[in-house]
Structure formats: structure tokens, C-alpha cells
1. Taking Asn91 as meeting all but one of (1) over 21 Å from Glu260 (Cα atoms); (2) open to solvent by 20 Å² or more (accessible area, probe 1.4 Å); (3) at pLDDT 95 or above, write down the number of the exception.
2. Within the stretch 248-275, can you find the residues that are in contact with a strand residue (DSSP E or B) (Cβ under 8 Å, 6 or more places away or on another chain) and over 23 Å from Gly196 (Cβ atoms)?
3. Given the criteria within 14 Å of the ligand (Cβ to nearest atom) and at negative phi, does Leu169 qualify?
4. In the stretch 198-221, what residues are near the ligand (Cβ under 8 Å from one of its atoms) and under 15 Å from Ile149 (Cα atoms)?
5. Only one of (1) more than 19 Å from the chain's Cα centre (by Cα); (2) surrounded by fewer than 20 Cβ atoms within 10 Å (Cβ to Cβ) fails for Gly127. Which number is that?
6. Kindly provide the set of residues from the stretch 242-263 that are open to solvent by 10 Å² or more (accessible area, probe 1.4 Å) and hydrophobic (A, V, I, L, M, F, W, C), ordered by number.
7. Given (1) over 30 Å from Asn152 (Cβ atoms); (2) β-branched (Val, Ile, Thr); (3) in a helix (DSSP H, G or I), where does Val261 come up short, assuming only one miss?
8. Can we say Ser224 is within 11 Å of the ligand (Cβ to nearest atom), among the small types (Gly, Ala, Ser) and either over 14 Å from Glu181 (Cα atoms) or not in a helix (DSSP H, G or I) (or both)?
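The values are calculated or read from the model by the stated rules, or taken from the named source; none is laboratory data. Source: prediction; values computed, not measured. Cβ sites come from the backbone with ideal geometry, for glycine too, and all protein chains shown count toward neighbours. In case anyone asks, the SASA skips ligands and DNA or RNA and just uses the protein heavy atoms, side chains included. Shrake-Rupley method; radii C 1.70, N 1.55, O 1.52, S 1.80 Å.
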Amino acid sequence: MAVNNYEHVWHNGKFIPWREATIHVSAHALHYASSLFEGMRCYDTVHGPAIFRLKDHTVRLVNSAKVYRMDLPYSGEQLAEAIVELVRVNNVKHCYIRPLAFRGVGEMGVNPLKNPIEVYIMAWAWGKYLGDEALRNGVDVCISSWQRIAPNTLPAMAKAAANYMNAQLMKMEALTNGYSEGISLDVTGHVSEGSGENIFVIRDGKIYTPPLSSSVLPGITRDSVITLALEMGYPLSEENISREALYIADEVFLTGTAAEVTPIRSVDRIVVGKGQPGPVTRALQERFLAIVQGQAEDKYGWLTLCNQPVTAGH
Ligand SMILES: Cc1ncc(COP(=O)(O)O)c(C=O)c1O
């Protein structure tokens, strides 16, 4: 999907035009993957543009930086303010927002500690990540032949660019073989997650999702869906899930900022349930979308409204 970008990019405290948001080829991040990022959505709600779980996303970025000993020059609160400003100056109703913190131009070599930290935030229009049909009818996925990063190799709880080399291998293999997405197993052979999504399984009315120890990213949509499922009275358990549990599940779905709540209709060409989104997936998807679009009461305070346009002043 080409980037349908918005004009203003935030860079180290200033707004710059998109075309000027460039870096030199010697930047540390390009050579050694020393880059962290976030991804969040701003929804066009009935109350105006609103960012979903802004604080939780900035906290995750700050935590990723802590893991990688990166002294971010901005606090989570400052980043959150910058993100709201970015939506305002771009004057958009809805968008995907990508804060990015990386080690820039300085010394060459693996040691990252002397390279300056650059922070950018950009935004673009992103539709349905796995295709327009995906949310309605579900997607076909495979179990990836690539395992998820093992504990104590690359930290799965940090949202680091390096993790996405593993994710890219999964994604390319899935697409090459005619699937929409690949699901990885963790180093013990249990289900981990998709290349950019967490996974949930439903069997006999109970919901299961892999624990964080299965090398999954602590997804903010995952957390939201857990909260909503419990509120709606579904029993839910975070536990190790075996590969075959996906084949014999009544329902399986993916969650993520980009994918939202996307049903899975087959795994390795084995039809899940009736091969169409099941009732629990539907109920959770509807509840989630109603909240993010501002149609249902935001009782958890998940939305940050960003109306009132301001001027960019490059
Ligand atoms: C590997 C991976 N897992 C899970 C997720 C879902 O996380 P979230 O719901 O916070 O977007 C993402 C997306 O950021 C991801 O890249």
C-alpha cells in the first residue's frame, strides 16, 4: 500500500514538510536496526478526530526505549502532546500515526551509545490493513515456518524495528503461498502471534490468547479486547496454545492497531468453525469498533479528542 501521507511531520520538536523528513545513509539505525516505533490510529468519531489509547502507546514507546538504553529526549507526555498537535496541524479526521525514535548520524560501529537520538512522528491515511473484505469475511492464514524470536534473543516486549525482520520473513512467506498472514509459533512450539497482530482463539464459549511469555508484543488492541471480553462476560484465559488448537477452534481472530479485530476463516487451509466470522468475534469486533468510532460510551477513557485546528509554523 503506497503511503498516502499528510504534509506535516514532527521532528525533534518542530514541524517540517513531509519531503524534508529525510535522513543520511550513515544513520546508525539503517545499519544496525537501532530504531523503535509505535503505531496508533486516530478515528473520525462523532465527537471529532480522536486518538485511540494515546497514553498507552506513548508509554510503550518509552518502555521500548528503556529496554534499549535509549534516553529519549522527550517524555511520554510531551510525545502525546506532539501527536495531538500533529493531527491538528495536518487537519485530518482520521489517520494512522507513526512515532519513530532511532539512533542517527554519528559514529559507525555496533556501539550505539554515542549516536544522537532522532524522534519523528508522521501520519498517513491507512485503510483496512488486511484488505477491505478482511474485517467482514475474515482472512486465510498459515502457520509460519519462521519461529517467533525466542526469549532473551530480541526483546519481544519492545516494539523495535529489528523484530520486524522476523515479521517480514513471516509475511513474505504467507503472501507468496497465497495467505493473508502468517502466525508464528514461539520457541517452545506454542502459538505466538501474527507478523503485526496478536491472536485469540475461541472454543466452547471460552476465549484464549497466548501469554506475553510466548514472545508476543503486549498489544494495546489485545489489552482492549481482553477488557471488553471480560466486561461482556466471556471467560478468558492467557495460556499456552498449541498449533492444532487453531485448527479445531470454533473461532479465531487477530487484533492490532492496523488490523483492528479481524476474523480468521482458515488456518493452513483448514476451515475454522463454519468458515465465517463467529458470534463471539462479531460481538467483540462490533463493541470495539463502536467505542473507537465514538458511537458507544468511552467508559475506559480510551479516546483523546484532538479537534481545534492550529497552524503548523515550520
Ligand atoms: C508483532 C505485533 N504484534 C501485535 C501487534 C498489535 O499491537 P497493537 O494492538 O498495540 O497495535 C502489533 C502491532 O503493533 C505487532 O506489530
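1. All conditions are met except number (3).
2. Hits for the stretch 248-275 are Ile248, Asp250, Val271, Gly273, Gly275.
3. Working: within 14 Å of the ligand (Cβ to nearest atom): yes; at negative phi: yes.
Yes, satisfied.
4. Scanning the stretch 198-221 gives Asn198, Val216, Leu217, Pro218.
5. Here Gly127 meets the rest and fails (1).
6. Ala245, Ile248, Ala258
7. Evaluating Val261 over (1) over 30 Å from Asn152 (Cβ atoms); (2) β-branched (Val, Ile, Thr); (3) in a helix (DSSP H, G or I) leaves (3) as the failure.
8. Values: within 11 Å of the ligand (Cβ to nearest atom): yes; among the small types (Gly, Ala, Ser): yes; either over 14 Å from Glu181 (Cα atoms) or not in a helix (DSSP H, G or I) (or both): yes.
When the stated conditions are applied, Ser224 passes them.
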